[in-house]
Structure formats: C-alpha cells, structure tokens
Amino acid sequence: MIRESKNGFAAFYLTILVLTTMAVMSTSLYALFRSRIEISKNVVKSSQAFFIAEAGLEDAIFRIKKNKKYEATYDFNAGLGSVSLSITSDGNLKTIKAVGNALQRVKAVGAVLNTESTTVSFHYGAQVDKGGIVMASNTKVIGNVYSNGSIEGAGSSSQITGDAWVAGSLAGEPDQEWTVKDSDFDFGLKKGEIYYLDTAQKFIPSVSKTLNKASFYLKKVGSPPDQTVRILSDNNGKPGKTVSGSGTLRASKVTGTYSWVDVSFDPAPLLSAGQVYWLMIDVSRDDSNYWVWGKDSSDGYTLGTAKYSSDWSVKTPVWDNVNGDLDFKTIMGGEGPTFLNNVAVGVDARANTIVQSSIGRDAYYQNIDQQTQVAGIKHPGSSDPASKGLPISLAQIQEWEAAAEAGSLIYGNYQPQSGTAIGPMKIEGDLTFPSDSQSNPVIISGSVWVTGKILASNNVKIKLKSDAGVGFAVIADNPQDQENQGKISLGNNTITEDSAGGYLLLISTNKSVNPADPAILISNNVNKDEAQSIVFALQGLIKVENNAKFKEISGFALKLENNAEIVYEEGLINSNFSTGPGSGWQTRDWQEIQ
C-alpha cells in the first residue's frame, strides 16, 4: 500500500515536471517566435526605409539630370513612409542626402554627382581661322601654328619654333547650302527592322574648285564616337562608290543641342561645276548613342535630296529616301592665295606662297621668292594645306553657359571681393576682378557666363580652383549684342593660374576684328613670368602685347605685338572641361550613410 502511494506520487511528480518543462519550453518558443517576428518586422521596416530613401535619391538625381525644378531641401511621401532630401552644390559637384522613414525606422543614403566633362583637342600653340595672324618684332610661338588665313611677320624676330601651316583660301560664302529645318532625322541606330546608318545629302557645286569645308546641322544622343565624312560620286541618282575626299566629324564638338559643325577635308578634293556629288556621314550602329540631323521634310533644295543605307560599302548597297533634305553647307576655295610672309619658322613651312622668310627645315609651296631661305628640301607644286575648324564649337560654348546658368544669377555689374570663389554663375552685366589681389585671388570654382565685359587690371590674380580635375570656362557672350558686348580685357600685371588637373579657359564671342578695340585684349605683363591658361575668340580678334604669355591661343584672328609669347604644352592635346546640364550629370559616388 505504501509502495503504491510512493509510486503514485512519483508519477504525479514526473507529470508535473514534464508539464512544467513543456510550459517553459512553450513560453521560450513563444518568446523566441515573437522576437523573430519583431526582428522580421524591423528588417522589413528598415528595408522599407532604405528603399524609400533610395526612391528619394532617384527622384533628386532625375530632377538634376533632366534640369527640372528642385529645392535645396524638400520632402514627399512614399508608400507607408516619407523621405527628406537635401542637395548641396559646390562648383561642379552636387551632394545629395536622402533620409527615408518607414514607421519610425530610418535609413539614409547619399550620392555625389559631378558634371560630365568634354574633351577639347589643342594641337597647336596657336590655331587661327581665316582672319589670319600678324606677328610684330620680338614675338614668339613656342610650338606649331595652324592658320586658315595668311601669317605675316616682321622679320627674323617673329618666330614660330615648330611647324607653320597656312591653309588655302576659303570662299566668303557657302557655294551650296540648305538651312530649312522642320523635323529631325535620327541615324546611327536601328528602329524596328530598319537600319538607319550611312546617310548622304546630294548637292551640285556651281564652280569648279576645291571643297575645303562642309558644315552639318547636327546634335547627338548619348556619346557616339567620331565619324568619317566622305564625298561620294553619283550612281544613277544615288550615292556611288568613288570617294573624292574624306574628313572627320569630331563628336566632341557636337552636343545635345543643334548647331553647325564644320568638317575639313585633307587634302581638299577638286570638284567640277554642275556634277552631282553626295556628302555622306559614315556611321556605326549604337541604339543608345547616335546622331540627329536637321531635316526639311518639304524637300525644298532643288539640286538634291537625301538618302540612307545600312552599309554603303557592300557590293550593291540599298539606298532609301530620307523623304526630305538634310541641312548642310559647302565652302569652296577662295580667289586669292594665302601666304607666309617675313616669319622665321623653326621646322617645316607649308603655304601656297612663301615670301621673305627663313625655314629651318623643309618648305612646301606653289610660289616662293628668292629672299626666302630654306635649310632643308624645297617641295614646289605642293597642294595647299586644308582648312581646319577651330577646336571649340558654338555648341560647346552654349553647354558651358548652361552650366553657369544652373548656378547663381547676378543682375548688373559685379566685382567680387578678393578671395571670393565664383562659379557656376551667370552675370547679367560686366565682371570686374579686384585690383591688387595677387596674394588673395578670386577663385574660379565653376563655369562663369558674363553678358557684358570681363575686365582685369592692376595686379589682379584669377585662379582656377586648386583641386579642380577639369578646366572651367569663363565666357563673355551676349547673344543679342555680339558687336559691342562680350569682350575681354586683361592688363597691367594680371596673372591667371591653372590647377594641376585643368586649365582656365577665357572665351569671347564678340565679332570685333578692329586692333584698336578687339574682342580680346591682353597687354602689359599678363602672365609675364609663366605661361598659363587658354584664350579663345570664336568670331573676333585676339590682340596680345607687352610681355604677355599663354599656353594656347585660338580664334578667328590673332595679332601678337611687343614680346607676346605662346608656350604650347603637350598636355593640351586632350584637355577636359566641365560641361553643363545639356551634357548631363554623372554619378561619382553612391552609398548608404546609416
């Protein structure tokens, strides 16, 4: 009896122990389960907060890249949460922070954008259009010179240490052109089942002369590469296979906005009046990076039309109608010869006519006088060098202006204080740099667009931002008054300073070629101790005098006086400059912050 009682108590105790253990285990499992649920909820909420932050970041990047309106700080709701954004600008950089909040869970992400850069190729110490070059005594270009107009010096002290090219003369007006545009023609891509690739415009010259240059009204989508332009014969109303000449369409000169882009032919082909020819752009296919050619759908150019092909080089290419004309210009050779006169050239000289000069090596010409001394070999009967387009196009200038306009805006004349950082900035008036600022210079931290004049005199220093990895343009341009506004004057011990990674680029679009009041005047010890920076005049005269030194000068016309010196730097061959919203922003950094 006692044994049975003990056995019953043991069984009861064991049951209680088992039940207690099960209860503890159940409680533990429940707690663990609840914990797991809470953890999962937190993970979900954190993920929601992260994706909301990402969505906010994408929104800000979209607004910046598409040049849409945005504020420095703004908020919006997204799903079950919200996002707060802040955008900070610093020169060509924009830093974005997006904080996402989902049911009290917070995640932050950030990105840094910088404007894309465009490459400008400077191959010569001085490159000048048909306005030509005048060199006074004791002037020097250390490097090569290429001019579409004559070069005239003052004797042996007017020196070009490298090669000198003088292109054959250009006609003042296009021989053939069509500039009516009412639609676009995309080429260099496939649409549906159709390949829109090699594209050609028919034309008939009115004179029998060399075709020195052609212009095309183009824009681009994305970043297509350089392309070859060919002059083709006619084959029963379509482009033939005989190539009269070719040149290169430089993609860097074309932007996302329409502009006229020049292509030179080297050697310049001789065309016959009344004969049919085709201007063809030979392109490769890339559906994301292609070209757009301005089109007149009325087919109004009576001497031609336009066609396209998937491949012009195959044995029997198929050419289809564009159903209109494509905008173009052809510029033939001019009437009189161009010349190299009274200049000392260190290496080779190439010109139609060489007069009273000394040539350090070989001379290529059609006419030469007895006073010219040639140390090397003479090459009489040589063809004239082809004209070359200037290294910077109007489209590129407009892109830099867009970058400046995206920054701050100042109405009226502006004189920054010494040590001030300016840019990106547009100034509706004159920009005058402060005198006696060499110890505390004005810093160029982004593109600057001035609609009046740019003035610097009396111990001024203008410095490119020290850590700038690309160059910035400082532009004087008034599209409504290029006769009077948009001039640059640097004088009296003004100093410009480049950065380790970029160059300061000074640009004028003024049209003056008057030496008494040029588009750009540089005088009296500007950069007298060290050549710095680049100067460019799209349509006017650059006048440099009295101990002024620059790394590169390019423009419509150039006059060097009184110890002016240009020192070409090899690094200029492919120089990068920050571009604006027209080209686009690129993401430099993207990361989770918290």
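The values are calculated or read from the model by the stated rules, or taken from the named source; none is laboratory data. Values in this document were obtained by computation on a predicted structure and should not be read as measured data. Neighbour counts are summed over all protein chains in view; Cβ atoms, including those assigned to glycine, are modelled from backbone coordinates with ideal geometry. The protein model used for the area step is the full one, side chains on, heavy atoms only, and it has no ligands, DNA or RNA in it. Shrake-Rupley method; radii C 1.70, N 1.55, O 1.52, S 1.80 Å.
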Of the residues in the range 296-314, how many are farther than 21 Å from Thr242 by Cα, touching a Ser or Thr at 6+ places or on another chain (Cβ under 7 Å) and buried (at least 22 other Cβ atoms within 10 Å of the Cβ)? 0
Residues that are modelled with pLDDT under 95 and surrounded by fewer than 16 Cβ atoms within 10 Å (Cβ to Cβ): list the strands (runs of 3 or more DSSP E) wholly contained in the range 69-156 that include at least 3 such residues. 73-78, 81-90
Selection status of Ser382, surrounded by fewer than 20 Cβ atoms within 10 Å (Cβ to Cβ), in a loop (DSSP other than H, G, I, E, B), of a type outside the set (Lys, Arg) and touching a residue at least 24 places away in the same chain (Cβ under 8 Å): yes
Given the options Thr338, Thr353, name the one that is more than 24 Å from Asn235 (Cβ to Cβ), surrounded by 17 or more Cβ atoms within 10 Å (Cβ to Cβ) and more than 32 Å from the chain's Cα centre (by Cα). Thr353
Can you report the number of residues in the range 206-223 which are farther than 19 Å from Met280 by Cα, touching a Ser or Thr at 6+ places or on another chain (Cβ under 7 Å) and modelled with pLDDT of 95 or more? 1
Test Lys45 against the criterion of being more than 27 Å from the chain's Cα centre (by Cα), at pLDDT below 75 and surrounded by 14 or more Cβ atoms within 10 Å (Cβ to Cβ), and give yes or no. yes
Just checking, does the range 305-313 include any residue being out of contact with any His (no Cβ under 8 Å at 6 or more places or on another chain), closer than 29 Å to Asp129 by Cα and not in a loop (DSSP other than H, G, I, E, B)? no
I need the full set of residues from the range 315-333 which are open to solvent by less than 20 Å² (accessible area, probe 1.4 Å) and part of a loop (DSSP other than H, G, I, E, B), in order please. Val322, Gly324, Asp327
For strands (runs of 3 or more DSSP E) lying entirely in the range 238-286, having 3 or more residues that are of a type in the set (A, V, I, L, M, F, W, C), touching a strand residue (DSSP E or B) at 6+ places or on another chain (Cβ under 8 Å) and open to solvent by less than 30 Å² (accessible area, probe 1.4 Å) picks out 277-282
Condition first: assigned to a loop (DSSP other than H, G, I, E, B) and open to solvent by less than 10 Å² (accessible area, probe 1.4 Å). Now tell me which residues in the range 540-565 satisfy that. Ala548, Ala564
Looking at the range 406-420, which of its residues are open to solvent by 40 Å² or more (accessible area, probe 1.4 Å) and touching a residue at least 60 places away in the same chain (Cβ under 8 Å)? Ala406
Against the definition (touching a residue at least 60 places away in the same chain (Cβ under 8 Å), crowded, with 20+ Cβ neighbours inside 10 Å and assigned to a loop (DSSP other than H, G, I, E, B)), how does Trp293 come out, yes or no? no
The range 162-179 residues that are more than 24 Å from Glu152 (Cα to Cα), paired with ones that are modelled with pLDDT of 95 or more and of a type in the set (Lys, Arg) (beta carbon under 7 Å, 6 or more apart): Pro174/Lys329; Glu177/Lys329
Examine the range 175-189 for a residue that is closer than 26 Å to Pro267 by Cα and open to solvent by less than 40 Å² (accessible area, probe 1.4 Å), and state whether such a residue exists. yes
Does the range 397-405 contain at least one residue that is hydrophobic (A, V, I, L, M, F, W, C), buried (at least 20 other Cβ atoms within 10 Å of the Cβ) and farther than 30 Å from Thr248 by Cβ? no
If you go through the range 157-173, how many residues are assigned to a loop (DSSP other than H, G, I, E, B) and under 26 Å from the mean Cα position of the chain (by Cα)? 1
Which number in (1) closer than 21 Å to Thr119 by Cβ; (2) of a type outside the set (Gly, Ala, Ser); (3) within 20 Å of the chain's Cα centre (by Cα) marks the one condition that Gln532 misses? (3)
Residue set Pro205, Pro225; condition assigned to a loop (DSSP other than H, G, I, E, B), open to solvent by less than 20 Å² (accessible area, probe 1.4 Å) and more than 30 Å from Pro515 (Cβ to Cβ); output residue Pro205
Options Gln438, Gln482: the member that is touching a residue at least 40 places away in the same chain (Cβ under 8 Å) and under 27 Å from Glu565 (Cβ atoms): Gln438
